[in-house]
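Taking it in order: structure first as structure tokens, then the write-up.
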Amino acid sequence: MTVRTLIGATSLLAMVATGTLVHAATPQPGETLSDNQTFTYRVLDEFPSIDPGLIEDVEGSHVARQLFEGLLSQDAQGNVVPGVATEWTASEDGTTWTFKLRPEAKWSNGDPVTANDFVYAWRRAADPALASPYAWYIELMKVANAGPVIAGEMPSDQLGVRAVDDHTLEVRIDSPIPYFPQMVTHTTTFPVPQKVIEEFGNQWTQPGNMVGNGAYVLSERVPQERIVMTKNPNYWDAQNVIIDTVTALIINDEQQALTRYLAGEMDQTDIPIGQYPRLKEEYPTEAIAVPNLCTYFYHVNMTDAAPEALKDQRVREALSLAIDRDILVNNVLAGGQTAAYTLTHEATAGWEVPEVPAAAMTQEERNARAQELMAEAGYGTDGEPLTLEILYNTDQAHQQVAVAVSQMWKQTLGIDTTLANQEWQTFLDARKQADYQLARAGWCADYNEASSFLDVFTSNSDSNDSKYFSDEYDALMEQSRTAEDPLPIYQEAEEMLARDVPLLPIYFYSSDFIMDDSIKGYAVENAQENWYAKDMYRVAQE
Amino acid sequence: MLSFILRRLLVAVPTILILIVISFILMFAAPGGPFNSEKPLPAAVMANIESRYGLDQPYVVQIFNYVWNIVAHFDFGPSFKYRDQTVTGLIAQGFPVTLTYGFWAFLVAVVVGVALGVLAAIRHNTWLDYLATGSAIGASVLPNFVLAPILVLVFTLWLGWLPGGGWNGGQWQYVVLPVIALATTYLAAIARITRSSMLEVMNSNFIRTARAKGLPMSRIILRHALKPAMLPVLSYLGPAFVAMITGSVVIDVFFSTGGIGQYFVNSALNRDYSVIMGVTILVGVLTILFNLVVDILYAWIDPKIRL
């Protein structure tokens with residue numbers, strides 16, 4: 001299949017699906033709705049922002065998905081469904097996308113939602129004047145002129161997005177992206193109300209000022225305490241919205257949040273590390289573990305400043321092989337995480353984990369091979385004594401992993417490990433300066449595609465804290481961008497990483513939470529966990 | 001008296017300025033910055049943000065602008081981390097919260113602490129003394145990060161009487177546990193200071209004289225002993241009061257009250273420069289103010305002290 005036909009097929013499918021499909025909360029036959037239609041959940045910290053143009057964290061985006069509606073949304077499985085747009089098509093060459101907007105869509109103040117609201121929002125997000133930490137997302141979408149606009153070299157009205165008429169939006173992109181519809185489910189692309197922003201400035205996100213086009217409106221916001229959203233009567237599909245109040249409680253302490261959950265103060269909270277098995281046994285219908293698109297690994301310092309031993313590929317490979325990931329995921333973390341021998345999370349869309357040698361071996365075989373490699377390199381039990389340092393940001397979970405890994409290395413390879421922990425910002429700085437030997441990292445996908453992981457190790461990546469510079473790897477990733485089927489190239493890239501070992505993959509994250517079993521319609525199967533309260537409801541329990 | 005107060009307030013101005021400069025130096029000396037994260041921002045995006053927040057200016061200019069905005073506009077700037085909020089807004093929201101539970105905790109700590117201390121002193125070496133001293137020591141070795149989870153376990157999870165956190169506009173049910181958790185340590189300290197100071201006063205000559213004159217015990221304690229016995233307590237109460245009304249990171253984090261106590265730690269970890277400065281200045285000003293109040297009270301209690 002060529003790129004063109006792939007895009008054609010996607011948009012055709014989209015066209016077929018539109019018009020008839022309205023995604024909303026749909027109780028199953030036999031379910032009785034509860035009188036109490038509220039959903040209360042816990043968040044870790046105050047939201048850095050709930051302005052779609054400025055949002056940079058997952059929790060802020062959860063709030064924005066209730067208060068706003070983008071061109072497209074996701075269903076409970078993460079598939080693209082209509083949002084404000086009802087139809088979307090790509091041009092023959094895949095570089096122009098046209099979205100037809102539903103005429104009945106309204107802002108919460110009653111104004112109609114028009115294509116210009118999207119044009120304004122996208123220009124604003126890219127505009128240096130807003131200084132959005134997510135401006136790069138517009139560039140990632142390859143919207144024409146995004147780079148120069150963000151760099152301040154071009155006025156924002158030169159951005160490749162325009163309103164053909166009130167209900168038609170046209171986007172020009174630099175090169176075809178087959179998954180472009182997926183990308184416009186992201187909060188940075190949500191419309192924002194120009195009139196309101198111009199009136200209130202940066203106070204427009206305060207209750208009373210804030211106007212959105214989502215199923216809910218902001219009714220209360222107390223920094224570091226709570227945010228309350230109530231049903232928006234002006235939402236175009238309001239008659240199908242069942243949950244009437246959504247509350248986020250800001251609770252820093254995970255354990256305290258769990259206690260309050262157990263006391264019945266909320267419907268959902270995260271499970272602290274190590275407690276999943278116990279809770280699953282006690283609350284089998286409430287404790288949930290689902291894949292989360294992040295990978296936990298150790299950066300290996302690949303610079304000249306690294307210890308001599310780490311410059312030896314055999315040592316790096318031995319270190320990786322000697323980590324018994326099964327013990328880590330089953331006994332230390334015990335929350336549905338899975339062993340990782342490669343970088344890209346196994347649950348990534350369209351991804352097939354390549355069979356790297358380490359993954360196919362048993363741990364005995366891995367240990368034996370690791371000892372062989374170490375002996376060849378002349379370190380460890382019968383060679384030169386070796387002491388390495390693992391650096392991680394101060395956190396109990398990271399410490400537990402590091403302690404276990406150092407034990408494994410001691411037993412299998414006879415090398416010593418010292419553990420060093422640093423406060424977050426200091427840690428990031430040390431890692432960026434390559435002032436470490438081995439450093440913990442947790443990388444999360446920005447979008448559900450393998451390159452979101454693999455791009456980390458390209459030479460020009462800002463996140464390549466291993467300082468792994470490989471022309472061959474860069475060439476592969478470059479090639480993948482225009483390939484009809486990038487999968488085999490991505491797999492080759494993974495094999496390269498497994499061979500060169502600039503990182504020690506450890507595990508694929510899971511997201512462990514506990515949720516009241518009367519709540520239905522939550523996006524449990526959506527790998528990005530993008531949930532929409534408008535699709536949820538609470539059933540009555542006997 | 002008036003000239004004393006004026007003099008002290010005048011000295012406060014350079015003190016605060018020095019506080020600001022030292023805080024700035026410490027802040028910029030810490031590695032990292034407010035906009036660093038696991039995913040580094042592209043250079044162009046970072047440049048836009050730094051220019052928006054004036055972080056691309058030389059340090060001296062930044063400090064000057066900061067002080068100027070406070071003096072000229074009473075503007076403490078926007079929060080770097082919580083971009084929807086200004087520092088003034090965050091403090092205006094959070095300070096009443098800590099002020100409320102801090103004030104009640106102060107009241108509880110002083111009333112109960114002084115009562116326990118006096119009781120223990122006048123019933124020196126009886127079972128009452130042992131009980132009061134014992135519980136005071138018990139309370140002082142029970143830090144609030146241990147006490148708070150126990151309180152929640154008992155009153156929220158087991159008994160179901162009180163909510164385990166939140167503030168909800170300051171309804172009394174939400175205030176009780178934070179007050180107990182915060183008051184306990186201070187209460188214990190006040191009780192111990194009161195007891196030892198009271199013991200000393202009760203053994204002094206003028207009390208012996210009062211006793212010899214045949215004054216009733218209650219009158220001796222309330223009219224004559226308590227006032228001088230309060231002097232050491234008072235010097236403890238000044239800073240304690242400021243510490244309590246500006247909240248505690250443990251209480252705020254644990255009970256999710258939304259108070260400003262948490263910003264002392266979180267803003268530093270987040271490198272939220274403007275919030276760090278905001279809370280530092282707030283605590284600085286309050287400390288200077290209440291130290292002054294304590295000095296004035298000293299003069300009022302003890303005529304030997306001249307201002």
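Pairs to check: A:Lys432/A:Lys520; B:Lys213/B:Lys304; A:Lys280/A:Lys311; A:Lys311/B:Lys81; A:Lys534/B:Lys81; A:Lys520/B:Lys39. Give those whose C-alpha atoms are more than 32 Å from each other in this structure.
With Cα atoms farther than 32 Å apart: A:Lys432/A:Lys520; A:Lys280/A:Lys311; A:Lys311/B:Lys81; A:Lys520/B:Lys39.
Rounded to the nearest 100 Å², what is the buried accessible area between B and A, both sides summed, probe 1.4 Å? Don't jump to the answer; show the numbers that get you there.
Numbers: alone 16760 and 22670 Å², together 35440 Å².
So the buried area, both faces added, is about 4000 Å².
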Qualifying GluC sites (Glu not before Pro) in segment A:412-480, DSSP loop, other Cβ atoms within 10 Å at most 16: A:Glu423
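Can you give the longest stretch of chain B with no exposed loop site, where a site means trypsin sites (Lys or Arg not before Pro) in a DSSP loop (not H, G, I, E or B) with at most 12 other C-beta atoms within 10 Å? Each step should come with its number before you reach the end.
Working: sites that count: B:Lys213, B:Lys304, B:Arg306.
Maximal segment without exposed cleavage sites: B:1-212.
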P(r) tail fraction, segment B:2-51 - alpha-carbon pairs more than 12 Å apart, %: 74
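What relative contact order, as a whole-number percentage, does segment A:291-508 give when Cα pairs under 8 Å and 6 or more residues apart are counted? Provide the component values of the computation, followed by the final result.
On the way: 383 pairs, mean separation 79.7, N = 218.
Computed over segment A:291-508, the figure is 37 percent.
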Complex-versus-alone comparison for segment A:47-65, residues with a loss of 50 Å² or more in accessible area, probe 1.4 Å: A:Pro48
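Normalise the Cα radius of gyration of the protein assembly as shown by 2.2 N^0.38 Å (N = residues in it) and let me know the number.
1.08
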Three-way shape call for segment A:189-235 based on the alpha-carbon gyration tensor, with the a/c threshold at 1.5: oblate
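Cα convex hull of segment B:27-123: how many Å³ per residue? Show your work: numbers first, answer last.
Working: hull volume 19.2 nm³, N = 97.
Each residue corresponds to 198 Å³ of Cα convex hull volume.
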Cut-off of 10 Å, at most 15 other beta carbons, DSSP loop: longest stretch of chain A lacking such chymotrypsin sites (Phe, Trp or Tyr not before Pro): A:180-468
Computed over chain B: relative contact order in percent, which uses C-alpha pairs under 8 Å that are six or more apart: 26
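Just to be sure I understand: of the beta bridges DSSP finds with both ends in segment A:291-508, what percent are antiparallel, rounded to 5? Show your work: numbers first, answer last.
On the way: 14 of 24 bridges.
That works out to approximately 60 percent antiparallel.
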Chain B: DSSP helices with Cα axial extent of at least 18 Å and average Kyte-Doolittle hydropathy no lower than -0.5: B:2-29, B:59-73, B:87-122, B:127-140, B:172-202, B:226-245, B:273-301
Threshold 10 Å² - residues in segment A:212-235 whose accessible area is reduced by that much or more when the chain is no longer isolated, probe 1.4 Å: A:Arg221, A:Val222, A:Pro223, A:Gln224, A:Glu225, A:Arg226
Kirkwood Rh and Cα Rg combined as Rg over Rh, evaluated for segment A:291-508: 0.94
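Please compute one quarter of the surface area of the Cα convex hull for chain B and express it in square nanometres. Could the numbers behind the result be given before it?
Working: hull surface 82.5 nm².
If I average the Cα hull's projected area over directions, I get 20.6 nm².
Within chain B, what is the longest stretch that has no chymotrypsin sites (Phe, Trp or Tyr not before Pro) placed in a DSSP loop and near at most 12 other beta-carbon atoms within 10 Å? The partial results should precede the final answer.
On the way: sites that count: B:Phe74, B:Trp161.
So the longest stretch without any such site is B:162-307.
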Relative contact order for chain A, counting Cα pairs under 8 Å that sit 6 or more residues apart, in percent: 20
Cα centroid of segment A:451-506 to Cα centroid of segment A:367-437, whole Å: 23
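For the protein assembly as shown, what is the calculated [θ] at 222 nm in deg cm²/dmol (nearest 500), taking -39500 (n - 2.57) for each run of four or more DSSP H residues and dividing by its residue count? Provide the component values of the computation, followed by the final result.
Values: 29 runs with 375 residues, N = 849.
Taken over the protein assembly as shown, the calculation gives -14000 deg cm²/dmol.
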Residue-normalised accessible area of the protein assembly as shown, expressed per residue, 1.4 Å probe, Å²: 42
Rounded percent of accessible protein surface that carbon and sulfur make up, the protein assembly as shown, 1.4 Å probe: 57
C-alpha center-to-center spacing [segment A:91-147, segment A:210-274] in angstrom: 27
Straight-distance crosslink candidates among aspartates and glutamates, where the alpha carbon sits under 14 Å from A:Lys231 and sequence neighbours closer than 8 are dropped: A:Glu69, A:Glu220, A:Asp244, A:Asp535
Charge context of A:Gly378, other residues only, Cβ under 11 angstrom, K/R +1, D/E -1: -4
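The values are calculated or read from the model by the stated rules, or taken from the named source; none is laboratory data. All of these numbers come straight from a predicted model, not from anything done at the bench. Glycine gets a Cβ as well: all are built from the backbone with ideal geometry, and neighbour counts include every protein chain shown. Surface accessibility is based on the protein's heavy atoms, side chains included, excluding ligands, DNA and RNA. Shrake-Rupley method; radii C 1.70, N 1.55, O 1.52, S 1.80 Å.
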